[in-house]
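Peer 1: My structure is below; once you've seen it, I'll send some questions.
The values are calculated or read from the model by the stated rules, or taken from the named source; none is laboratory data. The model shown is predicted, which means the values in this text are computed figures rather than measured ones. Neighbour counts are summed over all protein chains in view; Cβ atoms, including those assigned to glycine, are modelled from backbone coordinates with ideal geometry.
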Amino acid sequence: MSQEAFENAVKTMIESVGEDTKREGLEKTPSRVFKAYQFMYGGYKLDAKEILSQALFETSNDEMVVIKDIEFYSTCEHHLLPIIGHVHVAYIPDGKVVGLSKIPRVVDVFARRMQIQEQLTEQIADAVLSTIKPKGVAVVVQARHMCMEMRGVEKVNSKTTTSALRGLFKTNDSTRKEFFSHINSSSGNRF
Ligand SMILES: [Zn+2]
């Protein structure tokens, strides 16, 4: 789709609420929205498995690796309004670990798409599982949904929590408990 067609669509949206697309403050808005969309939806052009595969290292360590409080910004696929929250990712290596900076990048790959929180959670877990091939993966996402808050449908500040547990995190109680005690020690976060 061309930038011109995109900008015309934005103009139509602006006019439909009764605004004047020619006034100074709005004149460049269609091209700004185009650039914002390229960034916000840049995840479609990225491959999570490729990012993870580039930074795999052999290890004999089989202790739980936990990356907590990864901030993310996404948009819901129903209203294209922001979803803002945190992701916690844990895995238990089975011969391989990944460079720690790659996990937040993988979160962005899926957050920068039109999403529902449940799918975002699963996609992160499955990318880690299929690439690092660990003994288990756990992903917890806690987020605020602007489509609930801005439209006044639900209580302001309510948070939605979703989780995806694979391997040992699903089958082993003590592994799961260890993970939740790690993420519950986050300041102010309780699950
Ligand atoms: Zn929504």
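Peer 1: What are the residues in the stretch 69-80 that are surrounded by fewer than 16 Cβ atoms within 10 Å (Cβ to Cβ) and either more than 16 Å from the ligand (Cβ to nearest atom) or outside any strand (DSSP E or B) (or both), if any? Don't jump to the end; show me each part of the working.
Peer 2: Taking the stretch 69-80 first, the residues surrounded by fewer than 16 Cβ atoms within 10 Å (Cβ to Cβ) are 69, 71, 73, 77-80.
Listed by number, the residues that qualify are Asp69, Glu71, Glu77, His78, His79, Leu80.
Peer 1: Sticking with this structure for a sec: All but one of (1) in contact (Cβ under 8 Å) with a residue 12 or more places away in the chain; (2) more than 30 Å from Leu168 (Cβ to Cβ) hold for Lys45; which doesn't?
Peer 2: Failed condition: (1).
Peer 1: Which one of Thr131, Thr121 is in contact with a Leu (Cβ under 8 Å, 6 or more places away or on another chain), of a type in the set (Ser, Thr, Tyr) and either farther than 19 Å from Asp47 by Cα or surrounded by 18 or more Cβ atoms within 10 Å (Cβ to Cβ) (or both)?
Peer 2: Values: Thr121 fails: in contact with a Leu (Cβ under 8 Å, 6 or more places away or on another chain).
The conditions single out Thr131.
Peer 1: Would you please name the residue that is nearest to the ligand (Cβ to nearest atom), looking only at residues in the stretch 39-60 that are surrounded by 13 or more Cβ atoms within 10 Å (Cβ to Cβ) and either within 19 Å of Gln142 (Cα to Cα) or of a type in the set (S, T, N, Q) (or both)?
Peer 2: Filtering the stretch 39-60 for residues that are surrounded by 13 or more Cβ atoms within 10 Å (Cβ to Cβ) and either within 19 Å of Gln142 (Cα to Cα) or of a type in the set (S, T, N, Q) (or both), the one nearest to the ligand (Cβ to nearest atom) comes out as Ser53.
Peer 1: Step by step: first the residues of the stretch 61-108, then only those that are touching a strand residue (DSSP E or B) at 6+ places or on another chain (Cβ under 9 Å) and of a type in the set (Gly, Ala, Ser), then the one that is farthest from Val137 (Cα to Cα). Which residue is that?
Peer 2: The selected residue is Ser74.
Peer 1: Which residues, counting only those in the stretch 13-42, are in contact with a Ser or Thr (Cβ under 9 Å, 6 or more places away or on another chain) and not in a loop (DSSP other than H, G, I, E, B)?
Peer 2: Selection gives Ile14, Glu15, Glu27, Thr29, Pro30, Met40.
Peer 1: Sticking with this structure for a sec: Could you list, ordered by first residue, the pairs with Cβ atoms under 8 Å in which the first is in the stretch 53-69 and closer than 18 Å to Ser130 by Cα and the second is acidic (Asp, Glu) and part of a loop (DSSP other than H, G, I, E, B), at least 6 apart or interchain?
Peer 2: These pairs meet every condition: Asp62/Asp94.
Peer 1: Another question, if that's okay. Return yes when Gly43 is touching an Asp or Glu at 6+ places or on another chain (Cβ under 7 Å) and within 14 Å of Leu120 (Cβ to Cβ) and no when it is not.
Peer 2: yes
Peer 1: On the basis of being over 23 Å from Glu50 (Cβ atoms), touching a Gly at 6+ places or on another chain (Cβ under 9 Å) and touching a residue at least 40 places away in the same chain (Cβ under 8 Å), does Lys159 make the cut?
Peer 2: Numbers: over 23 Å from Glu50 (Cβ atoms): yes; touching a Gly at 6+ places or on another chain (Cβ under 9 Å): yes; touching a residue at least 40 places away in the same chain (Cβ under 8 Å): yes.
In short, yes.
Peer 1: Run Met150 past the list (1) in contact with a Leu (Cβ under 8 Å, 6 or more places away or on another chain); (2) more than 16 Å from Val66 (Cα to Cα); (3) modelled with pLDDT of 95 or more and report the number of the one that doesn't hold.
Peer 2: (3) is the only condition that Met150 fails.
Peer 1: When you scan the stretch 1-20, do you find a residue that is within 16 Å of the ligand (Cβ to nearest atom) and of a type outside the set (A, V, I, L, M, F, W, C), even just one?
Peer 2: no
Peer 1: Considering only the stretch 1-35, state which residues are of a type in the set (A, V, I, L, M, F, W, C) and exposed (fewer than 12 other Cβ atoms within 10 Å of the Cβ).
Peer 2: Within the stretch 1-35, Met1, Ala5, Val17 meet the criteria.
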